[in-house]
Amino acid sequence: MVDDFINNKLSSQDSCYKNIVVPALARAFDNVSEMQHLLCNHVELRVLNNCKEAPYTVCQGSGQPPAVFMDWYGRVEDLLCLAHETAHALQMLLSKNELMPPVARETCAFIGELLLLDYVKAYLAQLHASLLDVWHGQNGFYLGDCVEVLTDALNHSEISYHYYQNYPLARLAAVQMFCATDNKSVSALFSSGREAMAYLPIDEMASFDIGVRNPLPVLPPSDAEQPAVDAYRSLGIMALLDVESGSKASYQKIESYYLNCLKNLQERTAFIALDNDNKPVGYATWVESNSDNNVVLTCQTALPNNRINLQRALEHHVNITKDVKASYMRKASKERLVW
Ligand SMILES: [Zn+2]
């Protein structure tokens with residue numbers, strides 16, 4: 001029933017645009033009908049024709065309507081994408097085509113997504129759960145993968161700029177603005193053009209105590225009399241860290257997972273980093289090659305916000321005179337040194 005409702009509602013891009021996205025965005029502004037008019041008459045919807053490009057919105061110059069390029073398959077994620085791109089178009093129109101810094105531009109687009117969620121919750125309740133699911137799923141990319149890309153760039157000056165670096169801050173700024181400000185602030189941001197960074201709630205975000213606590217238990221002092229207990233504790237901690245951080249290792253078969261961890265513990269090629277309260281924050285494993293005295297990391301698992309802590313602790317632990325190379329590839333760049 002719900003699926004039929006969704007398929008039916010989302011079959012036409014034009015109707016979704018006029019009947020869902022436009023009213024969802026327009027109601028965040030005091031001059032609702034003016035916004036509706038602008039969105040209905042001054043934005044072009046174009047197709048990408050299945051080429052593998054990601055959807056995007058371009059400014060076509062002053063006096064020209066911005067153009068949204070995307071393909072429509074009638075899926076819930078297409079509706080979310082349409083709201084994102086339409087918010088870009090609206091920000092271009094209201095800023096009179098003045099270029100906005102990328103973090104601010106993406107904040108506007110993410111606010112567009114939140115406005116859609118809010119509108120759907122109020123007026124199309126049957127669609128809300130699946131839309132919220134898609135939005136949550138995309139947080140894995142914007143606040144997971146993209147945070148790693150940003151952290152790497154902050155720690156390694158040789159890494160070149162990637163647009164993904166803008167997404168984490170923008171995603172959080174959008175939520176902050178959506179939850180804690182009024183129509184006037186949203187409207188001011190969308191109209192602000194190149195000065196847009198001044199309209200983001202950075203100070204509020206910086207002073208906000210998010211109170212992220214380490215959920216893992218305190219590690220008891222090791223027992224020299226019973227080394228086997230220590231080994232099992234270490235195994236348990238590695239498993240907890242993998243589960244807690246959503247690492248791929250936690251999807252392995254239990255037998256091979258156990259044997260791998262055990263081998264690393266026996267060969268003393270595993271390391272667990274603890275925080276000041278003696279709670280585990282991450283672990284790493286590696287292989288040593290005798291021929292060139294190299295250490296190659298085979299796994300680095302850390303709780304959110306603890307990758308750097310793990311790395312620093314590891315630097316102390318492993319003999320730094322050895323060459324240490326990451327053994328995995330990242331999307332944003334080729335294989336590289338981890339420190
Ligand atoms: Zn965007």
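Using DSSP to define loop residues, name the GluC sites (Glu not before Pro) in the stretch 150-256 whose beta-carbon has at most 12 other beta-carbon atoms within 10 Å.
Filter output for the stretch 150-256: 158, 225.
If you split all Cα-Cα distances of the stretch 164-236 into 10 Å bins from zero, what percentages do you get per bin, shortest first?
Spelled out bin by bin, the stretch 164-236 gives 15, 31, 14, 12, 14, 10, 3 percent.
Could you size up the charge dipole of the stretch 2-206 around its Cα centre, putting +1 on the beta carbon of Lys and Arg and -1 on that of Asp and Glu, and report it in debye to the nearest 20?
With only Lys, Arg, Asp and Glu charged at Cβ, the dipole is about 460 debye.
Against the longest principal axis of the chain, how steep is helix 102-123, in degrees 0 to 90 to the nearest 10, with axes from Cα atoms?
Computed tilt is about 70 degrees.
Report the calculated FRET efficiency for residue 287 and residue 41 (r = Cβ-Cβ distance, R0 = 51 Å), to the nearest 0.05.
Result of the calculation: an efficiency of 0.20.
With a 10 Å radius around each residue's Cβ, average the other Cβ atoms per peptide and rank 144-150, 30-36, highest first.
Result, highest mean first: 144-150, 30-36.
Can you pull the three principal axis extents for the Cα set of the chain, in Å, largest first?
For the chain, the Cα extents along the three principal axes come out at 76, 48, 41 Å.
Give the residue list of chymotrypsin sites (Phe, Trp or Tyr not before Pro) in the stretch 19-79 that are DSSP loop and have at most 10 other beta-carbon atoms within 10 angstrom.
Answer in residue order: 73.
Determine the alpha carbon to alpha carbon distance for each of 253/279; 18/52; 18/121 and list only those over 22 Å.
253/279; 18/52
Select from the stretch 117-161 those chymotrypsin sites (Phe, Trp or Tyr not before Pro) which occupy a DSSP coil region and have at most 11 other Cβ atoms within 10 Å, ordered by residue number.
161
To the nearest 20 Debye, how big is the dipole of the stretch 1-95 about its Cα centre, given +1 on the beta carbon of each Lys and Arg and -1 on that of each Asp and Glu?
In total the dipole reaches around 80 debye.
Would you mind telling me the antiparallel percentage of the DSSP bridges in the chain, rounded to 5?
Expressed as a percentage, antiparallel bridges in the chain total about 70.
To the nearest 10 degrees, how steeply does helix 227-244 sit against the main Cα axis of the chain, on a 0 to 90 scale?
10 degrees
Which distance in nm do the two modelled labels at residue 123 and residue 71 give, with both placed 7 Å along the Cα-to-Cβ direction?
It works out to 2.9 nm between the two label points.
Readers should treat all values here as calculations from the given coordinates under stated rules, not as data from a laboratory. What you are looking at is a predicted structure, and each value in this text was computed from that prediction instead of being measured. Backbone-built Cβ (ideal geometry, glycine too); neighbour counts: all protein chains shown.
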